[in-house]
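Enquirer: Quick one: this structure, given as structure tokens, is what I'll be asking you about.
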Amino acid sequence: MLTLLLLFAVAVWAGVQNALAGGGSFVTLPALIFSGLDARAANIASTIALFPGQVTTGWVGRGMVSGAGGLKVRTLVILSLAGGAAGAALLLLTPSSFFARLVPWLVLFATALFAWGSFFRKTGETSGHVGPRTMGVMQFLISVYGGYFGGGIGFLMLAALTAAGLAVRVAGATKNVLAGVMNAAAVAIFLFTPGIPWPRVAVVCVGAILGGYGGARLLQRVDEKLIRGFVILLGLCLTVGLFLRQSP
């Protein structure tokens, strides 16, 4: 019961974090690993459990969703579905032991990417210079990464969408919807995976929905720099913890 209560609290925070700055899986993935799941099973459970919260966040901001780089929203949705399914299939083909060794590096990569985009990328950098073909390739590759791991996809999409000329607020609403779409493909595949810890998934799911709704409402009121700074600090701490967990 204590484990489930802690997972619920973590999931609420993850839902809020996804809505405000992204990186919710930075919290839920290690929490599920530390609750006793192996790395691949925890990643699958985290993806399934966070999905309803992503749908909630995307629905709240659906009015600002836009196409980008000369591509319509429908095209971006199709690319996200295809890439998410490809990434999920790749994860299922990856041995658990290999994925466990890979997780700390993925978290470190996502944290570094998040830090670069949050504090070092210049405003408007390469804005408006992304054409339809480049935008399509970027969105597909981001979706493959999202279906496989998911950490940092929010900022990956923000970077691509703003580079295609979208305003930050519009890009944020669009990436929330596309993140839900790419994870829908992954979840559809993961649901047929045996051994899913449904009690933990259910608890995280409820927490993520509540956090996602609250985070979407708070988006205009909270200083995003503070949230992003906390995400980066948390990512670094989790990276160290995951590397130490692998040490003999």
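Enquirer: Has the stretch 82-91 got any residue that is of a type outside the set (D, E), at pLDDT 90 or above and under 25 Å from I232 (Cβ atoms)?
Expert: Looking through the stretch 82-91, at least one residue is of a type outside the set (D, E), at pLDDT 90 or above and under 25 Å from I232 (Cβ atoms).
Enquirer: Show the residue pairs meeting these rules: Cβ distance below 9 Å; 6+ apart or different chains; first residue within the stretch 25-42 and over 14 Å from G150 (Cβ atoms) and at pLDDT 85 or above; second residue among the polar types (S, T, N, Q) and outside any helix (DSSP H, G or I).
Expert: Correct list of pairs: A41/T193.
Enquirer: Only one of these conditions is not met by S97: (1) touching a helix residue (DSSP H, G or I) at 6+ places or on another chain (Cβ under 7 Å); (2) at pLDDT 75 or above; (3) surrounded by fewer than 24 Cβ atoms within 10 Å (Cβ to Cβ); (4) within 20 Å of P30 (Cβ to Cβ). Which number is it?
Expert: Only one criterion in (1) touching a helix residue (DSSP H, G or I) at 6+ places or on another chain (Cβ under 7 Å); (2) at pLDDT 75 or above; (3) surrounded by fewer than 24 Cβ atoms within 10 Å (Cβ to Cβ); (4) within 20 Å of P30 (Cβ to Cβ) is unmet by S97, namely (1).
Enquirer: Also, quick follow-up: What do you reckon, is V107 farther than 18 Å from T193 by Cβ, modelled with pLDDT under 75 and assigned to a helix (DSSP H, G or I)?
Expert: So V107 fits the description; yes.
Enquirer: Return the residue satisfying two criteria in turn: it lies in the stretch 34-51 and is over 17 Å from the mean Cα position of the chain (by Cα) and more than 13 Å from P95 (Cα to Cα), and of such residues it is surrounded by the most Cβ atoms within 10 Å (Cβ to Cβ). Let's see the steps before the verdict.
Expert: Start the filter on the stretch 34-51 by keeping residues that are over 17 Å from the mean Cα position of the chain (by Cα), which leaves 34-38.
Add one more test, that the residue is more than 13 Å from P95 (Cα to Cα), and what stays is 34-37.
Values: F34: 16, S35: 17, G36: 11, L37: 21.
In this case the residue turns out to be L37.
Enquirer: Identify, by number, the condition in (1) under 29 Å from I209 (Cβ atoms); (2) modelled with pLDDT of 85 or more; (3) assigned to a helix (DSSP H, G or I) that V137 doesn't meet.
Expert: Condition (1) is where V137 drops out.
Enquirer: Can you list residue pairs whose Cβ atoms sit under 9 Å apart, with the first residue in the stretch 52-69 being closer than 15 Å to C205 by Cα and in contact (Cβ under 8 Å) with a residue 40 or more places away in the chain and the second being of a type in the set (S, T, Y) and surrounded by fewer than 20 Cβ atoms within 10 Å (Cβ to Cβ)? Count only pairs 6 or more apart in sequence or on different chains.
Expert: From residues that are closer than 15 Å to C205 by Cα and in contact (Cβ under 8 Å) with a residue 40 or more places away in the chain, the pairs are G53/Y213; T56/Y213; T57/Y213.
Enquirer: Could I ask something else about it? For the stretch 202-234, what are the residues that are more than 15 Å from W13 (Cα to Cα) and at pLDDT 90 or above?
Expert: A202 - this is the single residue of the stretch 202-234 that is more than 15 Å from W13 (Cα to Cα) and at pLDDT 90 or above.
Enquirer: Which pairs turn up if I take residues in the stretch 194-209 that are over 24 Å from A19 (Cα atoms) and look for partners that are surrounded by 21 or more Cβ atoms within 10 Å (Cβ to Cβ) and at pLDDT below 95 with beta carbon separation below 6 Å, at least 6 apart in sequence or on another chain?
Expert: Once the first residue is over 24 Å from A19 (Cα atoms) and sits in the stretch 194-209, its partners that are surrounded by 21 or more Cβ atoms within 10 Å (Cβ to Cβ) and at pLDDT below 95 give P197/A45.
The values are calculated or read from the model by the stated rules, or taken from the named source; none is laboratory data. Computed from a predicted structure; not experimentally measured. Don't worry about glycine lacking a Cβ; one is built from the backbone with ideal geometry, like all the others, and counts go over all protein chains shown.
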